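Have a look at the structure below before the remarks.
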Amino acid sequence: QVQLVESGGGLVQSGGSLRLSCAASGRSFSTVTMGWFRQAPGKEREFVAATSLGMATWYADSVKGRFTISRDNSRNTLYLQMSSLKPEDTGVYYCAAAATGWTAKRLQSEYDYWGQGTQVTVSS
């Protein structure tokens, strides 16, 4: 079992930055692959970024060059640094953990554990 708690969301102006954190507990953090997803109002949840056990990263085209995913295994924490934020980045951001495999994953079905989400609102 892995418990995930996101934090760091909030209201920011267009062009601003935020850093999201996801604190993990339970199973050893260094053995799970991690990802970030988001859900905008009225839309389905979508992939944002993922990191493998070997620290390889994968990004959605819409955030590439603006967002950076990272993990600190010593702190059992996953991060998402978001810069040059746009109104279309608004949504609830979720972190997720996959119990098996070591590659970065972009499909929601590949993840076993989810956090409760943190709201990010970007004003124009």
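When the Cα atoms of the chain are enclosed in a convex hull and the volume is divided per residue, what value in Å³ results?
So the per-residue hull volume is 89 Å³.
From the phi of every residue in the range 111-121, what ³J(HN,Hα) in whole Hz does the Karplus formula 6.51 cos²θ - 1.76 cosθ + 1.60 yield, where θ is phi - 60° and glycine or proline is x?
9, 9, 10, 9, x, 7, x, 9, 7, 10, 10
Which of the lysines could a cross-linker span from K86 if the Cα-Cα distance has to be under 23 Å and same-chain partners fewer than 8 positions apart are dropped?
Counting by Cα, and skipping residues close in sequence, K86 has these lysines nearby: K43, K64.
If you put +1 on each Lys and Arg Cβ and -1 on each Asp and Glu Cβ, how big is the dipole of the chain around its Cα centre, in Debye rounded to 20?
In total the dipole reaches around 160 debye.
Put +1 on the Cβ of every Lys and Arg and -1 on every Asp and Glu Cβ in the chain; which of V120, G54, S28 then has its Cα farthest towards the positive end of the dipole?
The one lying farthest along the dipole's positive direction is G54.
What list of ³J(HN,Hα) couplings, whole Hz, do you get for the range 81-86 from phi and the Karplus terms 6.51, -1.76, 1.60, once you set θ to phi - 60° and write x for glycine and proline?
Those phi angles translate into 8, 10, 10, 6, 5, 10 Hz.
Note down the relative contact order for the chain as a percent, whole number, built from C-alpha pairs under 8 angstrom at least six residues apart.
Value for the chain: 37 percent.
Just in the range 35-71: which trypsin sites (Lys or Arg not before Pro) are loop by DSSP and have at most 14 other Cβ atoms within 10 Å?
K43, K64
Return the Cα extents of the range 1-63 along principal axes one, two and three, sorted largest first, each rounded to a whole Å.
36, 24, 23
Quick one: dipole size for the range 75-124, taken about the Cα centre, charges +1 on Lys/Arg Cβ and -1 on Asp/Glu Cβ, in debye to the nearest 20.
Approximately 120 debye in magnitude.
Laboratory data are not the source of any read-out in this text; all were calculated from the coordinates shown. From a predicted model like this one, the values you see are computed outputs, not experimental measurements. Cβ sites come from the backbone with ideal geometry, for glycine too, and all protein chains shown count toward neighbours.
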